[in-house]
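Down below is the structure, laid out as structure tokens.
The values are calculated or read from the model by the stated rules, or taken from the named source; none is laboratory data. Since this is a predicted model, take the numbers as computed values, not measurements. With ideal geometry, Cβ positions are generated from the backbone for all residues, glycine too; neighbour counts draw on all protein chains shown.
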């Protein structure tokens, strides 16, 4: 549940406070039937707390509504009431004023805090309340006795040139603290005004600024991540909810993955940025689409057709870690083969050298033996010639 809530430190000391307000009609399915309350502690004394609420009412008092809801023709007007109740045991002073409605970054409805009303808030006028005084920036300041309520009448006057569609606004009640408070802070609660100007309703969402980035995993057996960011823009004139999805797949639809997101409320002319992370296998190139389906918010009634918007998205999903692994495996195989061949060549060279050496040694031995034999033969021949008859050396 979301409430109009503002806490602003006006001194050097920051004090946390909790403020709740009546939520918008249909904006939260679990909204309780009774009006919530707000509590603030302007001083360290726990007994000096103030609890209050502001809620829709009729001329007799609170009527059970959780928001103000009106459809008005251009140039027309409507009257209504809000009830401001002080549940505390002492009187309290409140500033009551109107403002334009916004949706903050967390998707909750709020009232502009800068005091500037340019749209529906500027068309809302608060009526006089007995004992109240005008507020310089617009609205009124009123003191509410302990355990009492005051009715604040209001009028919504739509300009003649107002554009058809939703113009969100709200009424807030802000606690006014005395000058003697140790810590000055601002806390307020509010009630939402669902204001629609009659006319042609356009209910259109569109997808823009789609970007996809690939972050590979350095684990070659794990998926990487594709982050898809896109903007969902309300190009119509009424508030819409959105249900979006991003879908990616590799070639021939391999490894399809998807991620969905919802946004509770997007005001007319506003946009939200959506980010989705998809665990994707690296298939070199992944492509798909981003689709946005508009939806009706809460108790709103729409006569316009709700058309799905879609746009394409693609991203390079290069398998860097797998390529590194492949290079390492191929390198290991090639290196192993080269090492084996080198060892074989070195072994063969050693064998060849050993054989050559053995052959050389054998040849040397043969030559030595041949030389010895030749010497012996020569001596034998010489001896034989000496022993022949008629030789001069024979007596």
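A few points about this structure:
Here's the yes/no breakdown for (1) at pLDDT below 85; (2) in contact with a strand residue (DSSP E or B) (Cβ under 7 Å, 6 or more places away or on another chain):
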site: 309; (1), (2): no, yes
site: 330; (1), (2): no, no
site: 338; (1), (2): no, no
site: 351; (1), (2): no, no
site: 387; (1), (2): yes, no
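- Residue count for the range 105-127, restricted to those that are exposed (fewer than 14 other Cβ atoms within 10 Å of the Cβ) and either at pLDDT 90 or above or under 16 Å from residue 68 (Cβ atoms) (or both): 2
- Put simply, of 298, 336, 288, 331 the only residue that is more than 21 Å from residue 263 (Cα to Cα) and surrounded by 13 or more Cβ atoms within 10 Å (Cβ to Cβ) is 288.
- Only residues that are assigned to a strand (DSSP E or B) and farther than 25 Å from residue 223 by Cβ were counted across the range 264-304, and they come to 9.
- In the condition set (1) surrounded by 15 or more Cβ atoms within 10 Å (Cβ to Cβ); (2) modelled with pLDDT of 95 or more; (3) within 30 Å of residue 123 (Cβ to Cβ), residue 227 is compliant with all but (3).
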